[in-house]
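The values are calculated or read from the model by the stated rules, or taken from the named source; none is laboratory data. This structure is a prediction, so every number in the text was calculated from the model and none was measured. Cβ: placed from backbone, ideal geometry, glycine included. Neighbour counts: every protein chain shown.
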Amino acid sequence: MVSSALPPVAQRQTALEARFTTWEPRRLDEMLDAAAAEFPDRPYVITDHGSWTYREMQEWSTRIAHGLVMAGVRPGEHVAVVMANFPEFVAVKYGIARAGAVCVPINVLNRRDELGYLLEQSDAVLLVVMDRFRGLDYLAFLDELAPGWERKGGGARFERLRRVVVFPTVPGGGRPGAVHLDDLATDAHRWRPVDGVPADSVCDVLYTSGTTGLPKGVLLSHDMLLRTAYGSAFGRAFEDGRRITFSLPMYHVYGYVEGMLAALFVGGSIIPQLTFDAAGTLRAIEHHRATDALLIPTMTMAMLDELDAASARGTTYDLSSLTSLLSSGGITPAGLWDRIESMFAEVELTTAYGMSETTASTAVTRPDDPPEKRSTTNGRLKDVGVAGGGRRLVEYKVVDPATRADLPRGDVGELLVRGPGVTPGYYRKPEETAEAFADGDGWLRTGDLGRLEADDYVVLVGRVKECYRCGGEQVMPKEVETLLTTHPAVAEAFVVPLPDRRMGEVGVAWVVLRDGTSANTDELLAHCASRLARFKVPRHVLFLRPGDVPRTASGRPRKFLLAERAAQVLLQQA
């Protein structure tokens, strides 16, 4: 049901088109400046500890840009950033763009060796890093990777890394003798804008989450990011001043493009949270009067559970400000959309599909779509208004995964994508780039199995590399996972292949149980056997706690790690 608190979708899209009659390519900092000129005193970033207006964020990012230039960072050089969703991340991000440099946002959950790989592979000349966060001591990692980094930068290990800048996450933190972020954010009265950095230059080297192996640095330009962000605002019909809350990291395209950048086009606000907590998200909506929330299915499910628990306690959350909600990414457990529709009957609900290589979402359900579109598809190819010049930023086709032959609409195959919203490739990864674009004519292989409906809606079926053959028959894990989540005790399920001498491969189901429930292996296998062909039924069932699921920044399970772990566990049990 469409929210009665908002004007009709078409009216809101028309208002956006009236404000942006033609597309003007800009860098990120130039778009911030345009928003600051139009909405100088509106809050842009809101947290429990303070808020920052558009003008204040513009000035803050200028001070950081000046500090970067004074530190010797030149246009086109790479600046790595290890920062969670602090307001400082936003200022640093625009500061790097303003200095004409390229940002390399790094997953804050990476540990020592992962951080070392990314610093080396990305050719970063400067690193902005938190001292610690969520139990991880990044300065200790640097001590082991590059001893003396406070004075010598990356040393012999990282020859290009000239300087490390520390962001203390708590008062009194940091490291004596090191340059801190406040030292970098200098007086900018002598700031001179950097010339010669066009809007189509690389803005980010954004590393993939690594669901199937080592991360690859996706190249994204300023103009790609802003066109996609405008398309997100247009596709979901943002109203003036939309307030978006999320805990999705801004070092990933979901929180970055769908939240931080999309808000610019309507003078909106972002309410970023450092970590996800269902009660915390609901309190943020209540306290900061958020109108929109960005979620992945596991977050949505946790919020619904918390609302049920609050009702049982006789307490409530004031969610009257909430008019929109986006739940996207990963597998949506069976029945979840029915729960969402019931709980948020007056809220505009949408789901979407995208990836880092396509800058962010490329398909989204319309806010006024009927419920079955949300529960049975992953969205319609996104109309982006003026950002596409009358066209979409991407187009899709479906091919046979084995023969690469084009398939008609409605048939399941690998999704290929091309267009101005698609990355030109991966940083210093020529072989991986060639493999990704192996189909020619600019078509990028997404690795996703799915189909295109006649009305341009996308339906995902699984991942090409996650499918396996049991006794010669192909198994699509998503089908088995969806069935498992219909069991009342199962919150999440992840099916991975295990080599088998007789069958070639067999399935292993990792299962996360709902709180307060129980189920055993025989019960879950029987649940599958009664509804699936024999070759699709997993051979083994293993159990996980929610926090033990290895995930990417966008919440997707890192299944290759689950497959490795399954082999180890079952070997020990043999």
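Annotations for the structure displayed:
- Selected residue (criterion: nearest to H189 (Cα to Cα)) from residues of the range 39-76 that are of a type in the set (S, T, Y) and not in a strand (DSSP E or B): T62
- Checking each residue in the range 22-40 for being touching a Lys or Arg at 6+ places or on another chain (Cβ under 6 Å) and of a type in the set (G, A, S) picks out only A36.
- Hits in the range 393-404 - residues which are modelled with pLDDT of 95 or more and either over 15 Å from G442 (Cα atoms) or buried (at least 20 other Cβ atoms within 10 Å of the Cβ) (or both): L393, V394, Y396, V398
- Residues in the range 134-146 that are at pLDDT 95 or above and either small (G, A, S) or assigned to a loop (DSSP other than H, G, I, E, B) (or both): 2 in all.
- Test: residue in the range 294-309 that is outside the structural domain of V90 (by TED's automatic domain parsing), assigned to a strand (DSSP E or B) and under 18 Å from N378 (Cα atoms): yes
- Top-ranked residue in the range 529-559 [being in contact (Cβ under 8 Å) with a residue 60 or more places away in the chain and out of contact with any strand residue (DSSP E or B) (no Cβ under 8 Å at 6 or more places or on another chain); ranked as surrounded by the most Cβ atoms within 10 Å (Cβ to Cβ)]: A553
- In the set (1) within 22 Å of C467 (Cβ to Cβ); (2) modelled with pLDDT of 90 or more, the condition left unmet by M503 is number (2).
- Looking across the range 397-428, the residues that are part of a strand (DSSP E or B), within 18 Å of V464 (Cα to Cα) and in contact with a helix residue (DSSP H, G or I) (Cβ under 7 Å, 6 or more places away or on another chain) come down to E414, V417.
- Within the range 433-448, the set of residues being in contact (Cβ under 8 Å) with a residue 12 or more places away in the chain, surrounded by 17 or more Cβ atoms within 10 Å (Cβ to Cβ) and out of contact with any Leu (no Cβ under 7 Å at 6 or more places or on another chain) comprises G447 only.
- Unmet requirement for D318, which otherwise passes all of (1) part of a helix (DSSP H, G or I); (2) free of Cβ contacts under 8 Å to residues at least 60 places away in the same chain; (3) acidic (D, E): (1)
- A search for C-beta distances below 6 Å between a residue of the range 191-208 that is among the charged types (D, E, K, R) and any residue that is modelled with pLDDT of 95 or more and surrounded by 17 or more Cβ atoms within 10 Å (Cβ to Cβ), counting only pairs 6+ apart in sequence or on different chains, returns D200/S221; D200/D223; D204/C103; D204/L220.
- Selected residue (only one of T521, T485 is of a type outside the set (F, W, Y) and more than 22 Å from E564 (Cα to Cα)): T485
- Qualifying residue in the range 375-382 (condition: of a type in the set (A, V, I, L, M), in contact with a strand residue (DSSP E or B) (Cβ under 8 Å, 6 or more places away or on another chain) and at pLDDT 95 or above): yes
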